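A short reminder: the numbers here are calculations on the coordinates, not readings from a lab. Bear in mind that the values here come from a model prediction, so they are computed numbers and not experimental data. As a convention, Cβ positions derive from the backbone with ideal geometry for all residues, glycine included, and neighbour counts pool all protein chains shown.
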Amino acid sequence: MIRKTRLFTPGPTPLLPAAQFAMAAADIHHRTPEFRAMFQKVLAQLKVFVGTKNDVLLLSSSGTGAMEASVSNLTSPGDRVLVLSAGKFGERWVGLAKAFGCEVDVVSAPYGQTFDLEAVRAALKPEHRVVFLQATETSTAVRHDVEGIAKLVRETEALLVVDGITGLGTTHFDVDGWGIDVLIGGSQKAVMIPPGLSYLSVSDKAWAAMETSKNPRYYFDLRKERKNAAKGESAYTPAVALIAGLGAALDYIAGQAGGDLEKGRIALVDNAQVNAAATRAGLVALGFTLFAPTAPAAAATAVAVPEGMNSGDVVKALKTRFALVTANGQGEMQGKIFRVAHLGFFDYLDTVALLGAMEHIAKDTLGLPVEYGQAVAAAQRVYADAVNSGQ
């Protein structure tokens with residue numbers, strides 16, 4: 001039988017066709033009026049998409065490049081920082097901060113869980129220069145309480161840097177109201193284009209801190225990028241085709257709400273949240289256990305397989321039988337969980353397709369007592385409730 005490949009990984013995510021066409025046609029030089037006009041338009045759109053009045057910069061790098069830039073631009077060797085870590089990407093903050101000579105304090109939560117706010121409050125010290133965390137811990141599909149943590153950080157002089165690489169487009173943020181100093185995004189996530197671009201909003205407080213920070217920086221010198229962005233250029237050779245694709249994707253998001261990008265962003269987040277809730281309901285109906293039941297993300301769902309089974313078998317079976325690509329667990333969670341994405345170019349019918357495939361795998365590969373239709377029916381009820389409530 002014919003099989004259509006379906007990508008359900010939390011990055012890279014499915015590509016928007018309009019963005020693919022725009023990338024294919026992006027045969028322009030980056031020091032021309034044509035590029036400058038496109039670049040300035042995309043930067044302005046990104047401010048709306050992020051939801052901030054702060055500067056938003058584009059870097060030709062993966063999201064980790066913007067994470068490194070936030071460390072190198074805001075800290076000096078010997079600075080004390082606080083990292084909130086509950087998975088592989090929280091651990092990445094620890095590694096980055098140590099690489100730039102910071103003294104790192106850590107508030108940890110077990111994989112699959114989020115942070116106790118009182119533990120965060122107790123850990124915050126007057127000498128902390130920066131607090132680093134994820135909005136969504138992609139390795140475990142946990143959503144953290146950014147608003148609650150931001151409120152605690154505002155009681156100190158510390159900067160707040162948030163990895164929103166899978167949070168943007170799946171989570172509602174009030175960047176300026178909450179006091180997020182840096183919020184990071186990545187192109188291969190909710191904005192539906194290939195890997196290779198990162199973007200980040202930067203507050204006035206963060207810009208001021210860069211004037212006294214002493215860590216070395218060159219390619220990721222955000223002050224250079226800000227100066228050049230004001231002229232419609234990047235400091236170094238930009239990823240022209242990706243920027244064209246990003247512009248097309250942001251136009252598409254706006255088009256989903258009659259040309260209003262802010263409303264389109266809200267609709268994109270709501271779409272991810274409904275699909276995530278429908279997926280969780282369907283998988284629970286099949287007898288699976290959610291890995292992050294108390295703080296589930298809308299970007300992705302992490303599912304624990306029954307005792308004695310290997311999640312890799314589920315990932316392999318979905319790909320072999322249906323060409324449906326999901327993600328295994330990372331690090332110590334490999335073989336224990338599999339992850340299904342909902343961010344970006346996914347809709348309700350994609351969710352139905354996934355759950356229909358999962359019914360076959362649960363019944364035929366895992367031997368679970370499944371009746372065809374039970375997962376899909378559970379998802380349909382979630383979807384119907386969302387539609388009836390106006391989402």
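Key figures for this structure:
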| read-out | value |
| --- | --- |
| Student exercise, the chain dipole from Lys, Arg, Asp, Glu Cβ charges, in Debye to nearest 20 | 740 debye |
| Packing-based exposure ordering (other Cβ within 10 Å, fewest first) of Arg121, Arg265, Arg31 | Arg31, Arg121, Arg265 |
| Sequence-separation-based contact order of the chain, relative, with Cα cut under 8 Å and 6+ spacing, percent | 23 percent |
| Per-peptide average of other Cβ atoms within 10 Å, ordering 291-302, 104-115 highest first | 291-302, 104-115 |
| Among 33-39, 44-50, the order from most to least packed when residues are scored by Cβ within 10 Å on average | 44-50, 33-39 |
| The stretch 182-237-the stretch 1-72 distance, computed between alpha-carbon centres (Å) | 13 Å |
| The stretch 351-391-the stretch 113-127 distance, computed between alpha-carbon centres (Å) | 38 Å |
| Size of charge dipole - the stretch 272-345 - debye, nearest 20, with Cβ of Lys, Arg +1 and Asp, Glu -1, no other charges | 180 debye |
| At most 15 other Cβ within 10 Å, DSSP loop - chymotrypsin sites (Phe, Trp or Tyr not before Pro), the stretch 332-379 | Tyr372 |
| Residues of type aspartates and glutamates that Lys336 reaches as a straight line, Cα spacing below 14 Å, ignoring anything fewer than 8 places off in the same chain | Glu307, Asp313 |
| Where GluC sites (Glu not before Pro) fall in DSSP loop in the stretch 209-245, at most 10 other Cβ within 10 Å | Glu211 |
| Residues Arg129, Arg3 arranged by fewest to most Cβ contacts within 10 Å | Arg3, Arg129 |
| Sequence ranges 237-250, 6-19, ranked by mean other-Cβ count within 10 angstrom, highest first | 237-250, 6-19 |
| Sequence of Val161, Val42 once ranked by neighbouring C-beta atoms within 10 Å, starting from the fewest | Val42, Val161 |
| The stretch 197-271, relative contact order [Cα under 8 Å, separation at least 6], % | 17 percent |
| GNM flexibility winner over the chain from Thr326, Thr52, Thr156 (Cα, springs under 10 Å) | Thr156 |
| Selection from Leu57, Leu168, Val153, by position along the positive dipole direction of the chain (Cβ) | Leu57 |
| DSSP-defined beta bridges in the chain - what % are antiparallel, rounded to 5 | 50 percent |
| Proximal aspartates and glutamates to Lys319, defined as alpha-carbon separation beneath 19 angstrom and excluding residues fewer than eight positions away on the same chain | Asp350, Glu359, Asp364 |
